[in-house]
Each structure stands twice: as structure tokens, then as C-alpha cells.
Amino acid sequence: MQVVSISSLKGGVGKTSVTTGLASAALAAGISTLVVDLDPHADATTALGVQPGDQLDIGRMLKSPRRANLAENVVRSSWTARTQANGSGPAVLDVAVGSAYTGIYDRPDLRRRDLRRLSSVLATGGDYQLVLVDCPPSLNGLTRMAWTASDKVALVAEPGLFSVAGTERTMRAIQLFRQEFAPNLSPAGIVANRVRSGSSEHTYRLAEMESMFGDLLLSPRIPEQANWQQIQGAAHPVHHWPGDSAKSAAALFDDLLANLMAVGSGLRSRAR
């Protein structure tokens, strides 16, 4: 099982969109996947077409992690029914449902043992090949819990001044966090999102990111897509949305997922 945190210390860069795009690619590839919606806004839960029932949300599982029984409390995404209806075989995409309750842990003063709460929840069940953790846009307790439980961190950035600066700060934060809490954690790379091909500013910032981060800047870059909000609003996987634009976006997320999963020891040694 690979656990990947999708992070950004700056809001509004499309972190949840990247999470759901990767989830769509994993589902299309037949990779058994769990999405942990750790953002108190719970946008990933909504986009994945989940109707919460009697199951515990992730916040309440974190409250009593050793008794959480993850396998009994995840909810199957409605995307799986669409995928199977399109002729694919058995597919698993489960969601640890997000809620505002997780906000009680999103503070800077969590004790070291509290950082293990998500790790303990993930150990209580579920046979997944991939876990994607949608983190809140901060470096408070929830993100640090996610990083403690993760093998890799994928950062999401727009090619803009403030986002690039935030990404550089996040890279430093990961390095410090590894040294103190999670020596096996590695940066999976940086996803350039909402890229506008006709923007001279975006072209300049992408070149700056290539200079600053080198091989850590993942390919492909994800362009700005006009119908993305419509796709998310319909709680629909991009791989089954009609039109050439969605088909192109789906192919990009297929490539991005493959590159993300292939990241290994080279980036670990670079991050040291």
C-alpha cells in the first residue's frame, strides 16, 4: 500500500481537483484506492459522490483510532458504479468521509503521539494499493498527521509568484519534518496545476520552477480546464465525462499517476 499526501500550504491551487483527478485515473486503471478526505471542508467527499450514512467520518475515527475499524466505516464512491457500467471490471474506490469535526485536530500544538492517529486508523483495515490523502492548505496538525502516515507527499502549485514561494516553503517544511518525525517520508514531486499556455507569466513561473525544483517538477503539467467545476459539481470521474477536453485531461492524469507512483529512491536521496 502506498500512502500519498496531496498537499499545499496555499489555498485555491486546485489540490482537491488533483486528488480527484488521480482517483479517477486509479479507478480507470483498476488500482484499489482509498481517498482520505482530511480537509474539514470535505470537498473531496462531495466530488466523489459520497452520501454519508451511519459510518464514522474520518474526524471521529481519528478520535479513537485503535477502535476505528476503517474497513467498516469507509464509503464506496458512486464513481465505481459508473465505471462498472462502462464495461470495466470490479473497481474499488472508497472514501474516508470528511467533516468539519476534523478541525479540532488542525492546530499547531499536537503532541508527537497525536501525529500517529491517522497511521493507526489506516492500520485498522482495508486492503488498498493506493491511499490518497487530501490535506487542508496548512501545516497544522492534520497535514502533519497525514505526512506521518504517508510514504510520499505530492505538492500542488499554480505557476504564480505566491504559489511558487509557498511551494518552496513547503519543501523546506517537509525536509524538517522528515528529520524530526518521519525519516522514510519523501517528496513525490510537484504538480503544476491550472497552467495557462498563453500566459507569459505562467511560462516564466514554470521556467522558474524548473530551475528551483529540477526533477521534482512532475510531468505532465495540468492545464486550466473550463469544465472542471462542472465535472466536480456533477460528482463525476473525468474519465467518463464526455468531450475531447475531458478525454485529454483524463490522459494527463493517467500519466501523472504513473509518474507519481514511479517516484522512488532518487527523490529520497535528493531530499536529504
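For LYS15, go through the lysines and keep the ones whose alpha-carbon is under 17 Å away, minus same-chain ones fewer than eight residues off.
Partners within reach: LYS152.
Is the shape of segment 46-161 rounded, prolate or oblate, going by the alpha carbon gyration tensor and its root eigenvalues a ≥ b ≥ c, with a/c under 1.5 for rounded and a/b larger than b/c for prolate?
Oblate shape, in that a/c is at least 1.5 and b/c is the bigger or equal ratio.
Express the carbon and sulfur contribution to the solvent-accessible surface of segment 120-187 as a percent, rounded to the nearest whole number, probe 1.4 angstrom.
Taking all protein chains in place, segment 120-187 shows 50 percent carbon and sulfur surface.
From the Cα gyration tensor of the chain, with a ≥ b ≥ c the square roots of its eigenvalues, which class applies: rounded if a/c is under 1.5, or else prolate if a/b is larger than b/c, or else oblate?
oblate
What does the net charge come to around LYS15 if you take all other residues with beta carbon closer than 12 Å to its beta carbon, with K and R at +1 and D and E at -1?
With Lys, Arg at +1 and Asp, Glu at -1, the net is -3.
For segment 120-237, rounded, prolate or oblate, judged on the Cα gyration tensor with a ≥ b ≥ c (square roots of eigenvalues), a/c < 1.5 rounded, else prolate if a/b > b/c?
Because a/c hits 1.5 or more and a/b fails to exceed b/c, segment 120-237 counts as oblate.
Looking only at the chain, where both bridge partners belong to it, what percent of the DSSP beta bridges are antiparallel (to the nearest 5)? List each step's numbers first, then the result.
Details: 2 of 28 bridges.
For the chain, the DSSP antiparallel bridge percentage is about 5.
Give me the extension gain from ALA258 to GLN229: residue separation times 0.36 nm, minus the current Cα-Cα distance, reported in nm with one decimal. Each step should come with its number before you reach the end.
Details: separation 29, 0.36 × 29 = 10.44 nm, distance 2.43 nm.
Result: 8.0 nm gained on full extension.
Determine the order of LEU161, LEU216 by accessible area, beginning with the largest, at a probe radius of 1.4 Å.
Values: LEU161 90, LEU216 15 Å².
These residues rank, largest area first, as LEU161, LEU216.
What FRET efficiency, computed as 1/(1 + (r/R0)^6) with R0 = 25 Å and r the Cβ-Cβ distance, is obtained for GLU201 and GLU168, rounded to the nearest 0.05?
In this case the efficiency is close to 0.90.
Keeping every protein chain present and rolling a 1.4 Å probe, give me the accessible area per residue for the chain in Å².
In whole numbers, the chain has 43 Å² accessible per residue.
Which length gain, in nm to one decimal place, applies between GLN179 and ALA123 when the Cα-Cα distance is subtracted from 0.36 nm times their residue separation?
17.8 nm
For a quick protection proxy, order the peptides 108-114, 24-30 by their average other-Cβ count within 10 Å, most packed first.
So the peptides 108-114, 24-30, ranked by packing, come out 24-30, 108-114.
The values are calculated or read from the model by the stated rules, or taken from the named source; none is laboratory data. As the structure is a prediction and not an experimental result, all values here were calculated from the model. Positions of Cβ are generated from backbone atoms using ideal geometry, with glycine treated the same way; all protein chains shown enter the neighbour counts. To get the accessible areas, we keep the full protein, side chains included, count just its heavy atoms, and leave off ligands, DNA and RNA. Shrake-Rupley method; radii C 1.70, N 1.55, O 1.52, S 1.80 Å.
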